[in-house]
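Enquirer: Dropping the structure in here first, questions after.
The values are calculated or read from the model by the stated rules, or taken from the named source; none is laboratory data. Model, not experiment: these values are computed from the prediction. In this analysis, Cβ positions are derived from the backbone assuming ideal geometry, glycine residues included, and neighbour counts consider all displayed protein chains. Each accessible area value is taken on the protein alone, full model and side chains, heavy atoms only, with ligands, DNA and RNA left out. Shrake-Rupley method; radii C 1.70, N 1.55, O 1.52, S 1.80 Å.
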Amino acid sequence: MKHRLQFTGKKLIRMILLLLGVSIVTFLLMCASPLDPLQTNVGQAALGTMSQEQIAKLEAYWGTDTPPLERYIGWLGDVLHGDFGTSLLYRQPVLTVIGQRLAGSFWLLLSAWVISGVLGLTMGVIAGACRGRWPDKLIKGYCLLISSTPAFWLAILLLLVFAVWLGWFPIGLSVPVGMDAAAVTAADRLRHAVLPALTLSITGVANIALHTREKMIDVLESDYVLFARARGESEASIVLRHGLRNVALPAITLQFASVSEIIGGSVLVEQVFSYPGLGQAAVTAGLGSDLPLLLGITVVTAAIVFAGNLIADLLYGVVDPKIRKGAARG
């Protein structure tokens, strides 16, 4: 137990350093951005009609009159006290905006993550068990095609086919247009989330399926599987008892590592479907030079990704005792 706490403590220290590094890089990239916050949000024509006092007030509001180092140190000091600042575009606390947008994206990301993991594991096991036959060729070809397909292009294709041509699903947004919030049902939200979740699920399948396939092939070529066949075990029993048990560990690793891919893909997918989630808020903050909001979103999403990797590391010890002992010694 002591060793496990030490292992978790080291991981948390790395997480803090990682979040600090992510915030610094994000801040530097925003400072190096060619976008002028005043021209982007006010407009060149409007700036030309303003007095110097009005422009000075706008510069103070957007922070352009403060040296970058001073701005970052001030932001970091506020974060250490639990204050991520106020969104310059939404005029609300950053954590409030993130909470609202994350609530919209949570079920979308969770469903896509679960579906992609289950489908990827299933397809990988089937492909590995049917190596060289038509199921294997079909699944491998599909995965290679999907892995080279941009998420936004797939989103546009699904939107065109199922929303525009067939009319089965809404074109965009998370709720019906013009409907009172109290009248929106769970079925309405589900219909609007199907295509975005389907897009993220399809793009997240390939990596897990291909890695599971390779691991499955290695397992089925091992000596103990050869011995199981010699004892007369059926192929289905071998795949389920020996193959699935041994591919579960790497599948867990890839599944939690894919959190970053799901979150990254949601940025483009939410833009295509005009889905008001965390990804769309990140794009809006970047284009609008809303530095407090973008820093907050970056830190929160990085923390979620790191938490996924930490859970995977801890689950290693649950699934495989040898890995737990190795981690404790390290």
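Enquirer: I'd like to check something: does the stretch 318-327 contain any residue that is under 30 Å from Met30 (Cβ atoms) and either open to solvent by less than 40 Å² (accessible area, probe 1.4 Å) or at pLDDT below 80 (or both)? Lay out the reasoning, then the answer.
Expert: Going residue by residue through the stretch 318-327, those that are under 30 Å from Met30 (Cβ atoms) are none.
No: the stretch 318-327 contains no residue that is under 30 Å from Met30 (Cβ atoms) and either open to solvent by less than 40 Å² (accessible area, probe 1.4 Å) or at pLDDT below 80 (or both).
Enquirer: Oh, and also: Specify the residue that is modelled with the lowest pLDDT; the eligible residues are those in the stretch 193-213 that are open to solvent by 50 Å² or more (accessible area, probe 1.4 Å) and closer than 28 Å to Val272 by Cα. Before the answer, list the steps.
Expert: The initial filter retains those residues of the stretch 193-213 that are open to solvent by 50 Å² or more (accessible area, probe 1.4 Å), namely 198, 207, 211.
Of the ones still in play, those that are also closer than 28 Å to Val272 by Cα are 198, 207.
On the way: Leu198: 90, Asn207: 86.
Only one residue tops the list, namely Asn207.
Enquirer: Pairs please, first residue from the stretch 115-141 and without any contact (Cβ under 8 Å) to a residue 12 or more places away in the chain and surrounded by fewer than 17 Cβ atoms within 10 Å (Cβ to Cβ), second anywhere and outside any loop (DSSP other than H, G, I, E, B) and of a type in the set (A, V, I, L, M, F, W, C), Cβ atoms under 6 Å, 6+ apart in sequence or on different chains.
Expert: Pairs that qualify, where the first residue is without any contact (Cβ under 8 Å) to a residue 12 or more places away in the chain and surrounded by fewer than 17 Cβ atoms within 10 Å (Cβ to Cβ) and the partner is outside any loop (DSSP other than H, G, I, E, B) and of a type in the set (A, V, I, L, M, F, W, C), are Pro135/Ile126.
Enquirer: Restricting to the stretch 204-229, count the residues that are of a type in the set (S, T, N, Q) and farther than 10 Å from Gly120 by Cα. Let's see the steps before the verdict.
Expert: If we filter the stretch 204-229 for residues that are of a type in the set (S, T, N, Q), which is where we start, we get 207, 212, 222.
Those still in the list that are farther than 10 Å from Gly120 by Cα too: 222.
Number of matching residues: 1.
Enquirer: Another question, then. Among the residues of the stretch 214-239, write down those that are within 24 Å of Lys140 (Cα to Cα), open to solvent by 40 Å² or more (accessible area, probe 1.4 Å) and either free of Cβ contacts under 8 Å to residues at least 24 places away in the same chain or not assigned by TED's automatic domain parsing to the domain that holds Gly124 (or both). Let's see the steps before the verdict.
Expert: Restricting attention to the stretch 214-239, the residues satisfying the condition of being within 24 Å of Lys140 (Cα to Cα) are 214-222, 225, 235-239.
Within this subset, residues satisfying the condition of being open to solvent by 40 Å² or more (accessible area, probe 1.4 Å) are 214-215, 218, 221, 235-236.
Listed by number, the residues that qualify are Asp218, Glu221, Ala236.
Enquirer: Considering each residue of the stretch 40-56, count those that are open to solvent by 90 Å² or more (accessible area, probe 1.4 Å) and at pLDDT 70 or above, and give that number.
Expert: Just the residues of the stretch 40-56 that are open to solvent by 90 Å² or more (accessible area, probe 1.4 Å), to begin with: 44, 49, 52-54.
Those left that are additionally at pLDDT 70 or above: 49, 52-54.
Residues in the stretch 40-56 being open to solvent by 90 Å² or more (accessible area, probe 1.4 Å) and at pLDDT 70 or above: 4 in total.
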